[in-house]
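To start, the structure under review is shown below, and the notes come after it.
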Amino acid sequence: MNQIEQQPHWRFWPEGVPRQISIPDESLWQGFAARAQGAPQQVGLHFLGRDYRWEQLHREAEQLAGALQQLGLQAGDRVLLFMQNCPQYIIGFHAVLRAGGVVVPVNPMNKADELEHYITDSQARIALASSDIAAELAQASAAVPAGLEQLVLFDLVEALPPDFEPDAASWPALWQNWLPVRHPAPEVPGLAVQRWQDLVARQIMPTEVSRRGADLAMLGYTSGTTGAPKGCMHSHASLLHNALGAAPWLGMGPGDVTLIVVPMFHVTGLVMGMLASIRHGCKMVLLPRWDRKRAARDISDHKVTHWPNIPTMVIDLLGGDDLDQYDLSSLRYIGGGGAQMPDAVADRLSAVFGVQYVEGYGLTETAAPTHKNTLSAPRRHCLGIPYVGTRACVIDPETRRRLPPGEVGEILVAGPQLFQGYWRQPQATADAFIEIDGQRYFRTGDLGRVDEDGYYYMADRLKRMINASGFKVWPAEVEALLHRHPAIKESCVIATRDPYRGETVKALVVLRDSHRGQVGADELIAWAREHMAAYKYPRVIELVAELPRTATGKVLWRRAQAEQDVRDGAATVAARQG
């Protein structure tokens, strides 16, 4: 049997793309430094009217790294990054690596109750944060036995041009009342607050710290069925692999421009946006949050060629009636994953701009893609074929038997982009991997199938999970947070359909006897909004007398979900008939 028969997707392999990539045995810092040395005066980053040259980004990262070492950062120490997309994210990420530390990206939408776990589990003692959300981090630090020791703070306005004036025509009102605002530093006993600009002004050169490809570079947190987020240990090499693969697969190279508006705390924005752009000499156009008009203007003004995203962004962009004001013809790649692209939107994208949406698949554990469609012939509602250097198969999750094309089972993946394991959780790490035919695979927990051509398709999720606008919401984590409310006796979190987000979070809640008739659903939703990230809190709460249970008392969440699916389906039919 020849290789093409063993790997049917090789018949569709993109021209000029190697099947394997040699990964340099080096720190991610070295690629960043090489960019500054090779093109110091070239603009590497644009942020809301301000250009940053590679030499400037490199110099500030070095100076911050030296200051962090002076504050006590040792090789291997974890450092939290808690901020929206901004130049400080790119600088801070590389400064931590230059100092020998390990980056812990944290979702800036998280609230204090959620942040407590990241501090205690990662054992971080230093955090870099923007002032607009730093109070949440400080509150979390004060609530745990061993909190942060150093907080490096900056105002987002510091990243804007010195002569900054809000442009009402292209800035949403929220940005005008948020980005330019300076916030006071939080005060927490035992927490020393440092100002970013003051540290950089010291111009301390860092001492050399030897870091190689196999060394730990990042803990990217992902939740699971147990509710508590787990730290995915990624080495410099595992992150670098997928960044390197982006050049041949996506046609990235010097002179190209990447729009980065997907959050960089997530592996898609971090790896396929930031790291890939730096490695291949692409200019980064950075947005702190999604705004359709600002995105359209930046694509037009900066001739953006590559835009990694989630489908809801494209849906929003194409939903406006002012697209004729912008020139989007420079785009060569628009793609992403996390949610399915509607056919009608994909049709319009192709008809109006001549670009096909390129879907892919990956997880925090895999540093973004394990599967990707090709630019030349992407298939819709399809995860794609295994990415550069990646093996994949489908097995029966019970018998662990490899399944033939067409049969649904659990998707397994193997490749250089796999994480090293879950931080401080050896049993969870052991459970996440399996050996098939002598090859160690990661169990994704996703149910899918592979066709005769070697293209993979999602069928369902083996794990209990809600997909809200591409953000993964784990019901067990939401339930654990809900139970902090004194009125809630128990809860069951399920998904309900949403016309824009695809799915949104719903909670069935049983109140304590003492609070029945005293607390309503709206009050609980408002409380949840204050204590959970915006994508995570239940938008719908239904008060129930009891939850469905088995004879042994286990909550039947699948039954609750199935009943909700029936109601959602009936509502959809009624809306269409109406």
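The values are calculated or read from the model by the stated rules, or taken from the named source; none is laboratory data. The structure presented is a predicted model; accordingly, all values stated were derived computationally and were not measured. Virtual Cβ from ideal backbone geometry, glycine too; neighbours counted across all protein chains shown.
The condition (being in a loop (DSSP other than H, G, I, E, B), surrounded by 15 or more Cβ atoms within 10 Å (Cβ to Cβ) and modelled with pLDDT of 95 or more) is satisfied by just one residue among P416, P397: P416. Against the test of being touching a strand residue (DSSP E or B) at 6+ places or on another chain (Cβ under 7 Å), in the same structural domain as A295 (by TED's automatic domain parsing) and in contact (Cβ under 8 Å) with a residue 40 or more places away in the chain, the options M218, M205 yield a single qualifying residue, M218. Yes or no: A173 among the small types (G, A, S) and surrounded by fewer than 20 Cβ atoms within 10 Å (Cβ to Cβ)? For A173, the condition - among the small types (G, A, S) and surrounded by fewer than 20 Cβ atoms within 10 Å (Cβ to Cβ) - is met.
Residues considered: L97, L68, L115. Of these, the only one that is out of contact with any Leu (no Cβ under 6 Å at 6 or more places or on another chain), hydrophobic (A, V, I, L, M, F, W, C) and buried (at least 24 other Cβ atoms within 10 Å of the Cβ) is L68. Pairs meeting the criteria (first residue in the range 484-503 and farther than 17 Å from G520 by Cβ, second residue surrounded by fewer than 19 Cβ atoms within 10 Å (Cβ to Cβ) and among the β-branched types (V, I, T), beta carbons under 8 Å, at least 6 apart or on different chains) are E490/V510; E490/V555; C492/V555; T496/V540; R497/T572. Within the range 377-387, none of the residues are under 19 Å from V271 (Cα atoms), without any contact (Cβ under 8 Å) to a residue 60 or more places away in the chain and within 21 Å of the chain's Cα centre (by Cα). Counted as qualifying within the range 228-347 are the strands (runs of 3 or more DSSP E) with 1 or more residues that are over 23 Å from V103 (Cβ atoms) and among the small types (G, A, S), namely 333-336. Being modelled with pLDDT of 95 or more, within 21 Å of M252 (Cβ to Cβ) and surrounded by fewer than 19 Cβ atoms within 10 Å (Cβ to Cβ) is a property that K303 has.
Against the criterion of being modelled with pLDDT under 95, within 23 Å of the chain's Cα centre (by Cα) and among the charged types (D, E, K, R), D121 does not qualify.
For the range 498-526, a residue qualifies if it is modelled with pLDDT under 95, over 18 Å from V544 (Cα atoms) and small (G, A, S), and exactly one does: G502. Output yes when any residue across the range 126-134 is under 18 Å from V188 (Cβ atoms), in contact with a Lys or Arg (Cβ under 9 Å, 6 or more places away or on another chain) and of a type outside the set (V, I, T), and no when none is. Yes: the range 126-134 contains one or more residues that are under 18 Å from V188 (Cβ atoms), in contact with a Lys or Arg (Cβ under 9 Å, 6 or more places away or on another chain) and of a type outside the set (V, I, T).
For the structure I just gave you, tell me whether L287 is more than 24 Å from W175 (Cβ to Cβ) and touching a residue at least 60 places away in the same chain (Cβ under 8 Å). Answer is no for this residue.
Taken over the range 357-369, the criterion of being in contact with a Lys or Arg (Cβ under 9 Å, 6 or more places away or on another chain) and polar (S, T, N, Q) is satisfied by T364 alone.
If you go through the range 186-225, how many residues are of a type in the set (D, E) and outside any loop (DSSP other than H, G, I, E, B)? Here the count works out to 1. Taking each residue of the range 225-242 that is closer than 21 Å to I21 by Cβ and buried (at least 22 other Cβ atoms within 10 Å of the Cβ) and looking for partners that are modelled with pLDDT of 95 or more and basic (K, R) with beta-carbon atoms closer than 8 Å, six or more apart or interchain, yields H236/R211; H236/R212; L240/R279.
Considering only residues in the range 402-413 that are among the hydrophobic types (A, V, I, L, M, F, W, C) and in a loop (DSSP other than H, G, I, E, B), the one that is farthest from D446 (Cα to Cα) turns out to be L403.
Just one residue in the set A545, A521, A526, A534 is more than 21 Å from D113 (Cα to Cα), among the aliphatic types (A, V, I, L, M) and surrounded by fewer than 17 Cβ atoms within 10 Å (Cβ to Cβ); that residue is A545. So which of E359, E365 is touching a strand residue (DSSP E or B) at 6+ places or on another chain (Cβ under 6 Å), touching a residue at least 12 places away in the same chain (Cβ under 8 Å) and of a type in the set (D, E, K, R)? The unique qualifying residue is E365. Only residues that are hydrophobic (A, V, I, L, M, F, W, C), more than 21 Å from F12 (Cα to Cα) and touching a Gly at 6+ places or on another chain (Cβ under 6 Å) were counted in the range 404-452, giving 1. Applying the criterion of at least 1 residues that are hydroxyl-bearing (S, T, Y) and not assigned by TED's automatic domain parsing to the domain that holds K230 to the strands (runs of 3 or more DSSP E) found wholly in the range 449-500 leaves 456-461, 488-498.
The condition of being modelled with pLDDT under 95 and under 30 Å from A533 (Cα atoms) holds for only one of M109, M1, M83, that being M109.
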